[in-house]
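The values are calculated or read from the model by the stated rules, or taken from the named source; none is laboratory data. All of these numbers come straight from a predicted model, not from anything done at the bench. As a convention, Cβ positions derive from the backbone with ideal geometry for all residues, glycine included, and neighbour counts pool all protein chains shown.
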Amino acid sequence: NDGSVTASPEDAYDSEYLCPVSIDGQTLALDFDTGSADLWVFSTSLPSSEQKGHTLFDPSKSTNWKALSGYKWNITYGDGSGASGTVGTDVVTVGGTSVSGQAVEIATKVSSAFVSDTANDGLLGLAFSSINTVTPKAQHTFFDTAKSSLSSPVFTADLKHRQLPGTYDFGTIDSSKYTGTITYIDVDTANGFWEFTGSGYAVGSGSFVSSSIDAIADTGTTLIYVPDAVVTAYYKQVSGASYDSSQGGYTFPCSATLPNLTLGIGSYHAVVPGQYINYSPASGSKCFGGVQSDSGIGFSIYGDVFLKSQFVIFDGSSTPRLGFAAK
Ligand SMILES: O=C(Cc1ccccc1)Nn1cnc2ccccc21
């Protein structure tokens, strides 16, 4: 029951990656999110003003739909966006991986950011089920439901930079998708995230700075959010870079040459190409940086700007771990 699904960039800046998911034959484009654990969808139960532009799941058209009476969900993400609604189970298929009895969370309310993100029909959470928001009983993620039917209890992310589709694979590690060896690192699941301790950083050709960085691998976050020491060291090497409070982060002249950012994972040095760190135009001739401060978050977030530079293994075995390899 292994499967592979395309992950297509939603826009020219790789703000998010969307994957086709079939719920009892109804196909929606979902944002696979290793930073949360709810599978929720835009639905016919939303107010019509919030439905516009999205593909909607209609449970009344599903023969396998089973409502979970009295069950509810309500999620708020770190960026303040959120959604809530009711719950049922259905057959969910991702690439070749099909599971029955999967909890599908029907949105009856979504925040404005989701309404306006019309390419996105919902999220498929791939963090640990311990942070699923369904009450009175937390539900399993798609990966947890599928795990026992996979060749091995893993999924991998091979996200691409700019305009190219990548893939999420379930159950196998495709050795044609990476070069060299895989470096594995222990994961602390206490907060429900794929959380690990990074070993340090380097900017451009500069020397590597050893420092423990508490970070999560989060496909649902676009950028890299790291400690101020890293951010300061990075933008010191970018002429014309500065913190622009009106933009809410560091910007620099779009013509700037950006140095690579190396992030240590154990003894492995993961290199993020400088071009990946020119995230998008900000205002005028300034561009917004793909590396920003993690202050106020409580941990660092290695989001899509980082993850798309690597082949990443999310190993859900009894001792969960993360694997990284160059590609
Ligand atoms: O919310 C965030 C990023 C973030 C910003 C500030 C503090 C903490 C985290 N990521 N994210 C992860 N999954 C998401 C799903 C929707 C929206 C954003 C999502």
Task: Selection count where residues are more than 15 Å from residue 222 (Cα to Cα) and within 22 Å of the chain's Cα centre (by Cα), scope the stretch 282-296 - done: 2
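Of all residues being within 24 Å of residue 3 (Cβ to Cβ) and buried (at least 20 other Cβ atoms within 10 Å of the Cβ) in the stretch 96-108, which is nearest to the ligand (Cβ to nearest atom)? Just the residue, please. Talk me through it step by step, then tell me what you get.
Pass one, the stretch 96-108, residues within 24 Å of residue 3 (Cβ to Cβ): 96-106.
If we keep only those that are buried (at least 20 other Cβ atoms within 10 Å of the Cβ) too, we end up with 97, 99, 102-106.
On the way: 97: 22, 99: 22, 102: 19, 103: 17, 104: 17, 105: 13, 106: 17 Å.
So the residue we want is 105.
Being within 10 Å of the ligand (Cβ to nearest atom) and either buried (at least 19 other Cβ atoms within 10 Å of the Cβ) or not in a loop (DSSP other than H, G, I, E, B) (or both) is the filter here; which residues of the stretch 41-81 pass it? First the steps, then the outcome.
Looking only at the stretch 41-81, we keep the residues that are within 10 Å of the ligand (Cβ to nearest atom), and these are 75-81.
75, 76 - these are the residues of the stretch 41-81 that are within 10 Å of the ligand (Cβ to nearest atom) and either buried (at least 19 other Cβ atoms within 10 Å of the Cβ) or not in a loop (DSSP other than H, G, I, E, B) (or both).
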Task: Only one of 145, 156, 108, 141 that is closer than 21 Å to residue 321 by Cβ and touching a Ser or Thr at 6+ places or on another chain (Cβ under 7 Å) - done: 141
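On the basis of being at pLDDT 95 or above, within 16 Å of the ligand (Cβ to nearest atom) and buried (at least 18 other Cβ atoms within 10 Å of the Cβ), does residue 262 make the cut?
Details: at pLDDT 95 or above: yes; within 16 Å of the ligand (Cβ to nearest atom): no; buried (at least 18 other Cβ atoms within 10 Å of the Cβ): yes.
No, not satisfied.
Sort out which residues of the stretch 225-243 are charged (D, E, K, R) and more than 25 Å from the chain's Cα centre (by Cα), and write them in order of number.
236
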Task: the stretch 195-241, residues that are of a type in the set (D, E, K, R), part of a loop (DSSP other than H, G, I, E, B) and more than 14 Å from the ligand (Cβ to nearest atom) - done: 236
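Are any residues in the stretch 111-128 buried (at least 22 other Cβ atoms within 10 Å of the Cβ) and either assigned to a loop (DSSP other than H, G, I, E, B) or more than 9 Å from the ligand (Cβ to nearest atom) (or both), and if so, which ones? Outline the logic, then answer.
Our first condition is that a residue be buried (at least 22 other Cβ atoms within 10 Å of the Cβ); within the stretch 111-128, this holds for 114, 120-128.
Correct list: 120, 121, 122, 124, 126, 127, 128.
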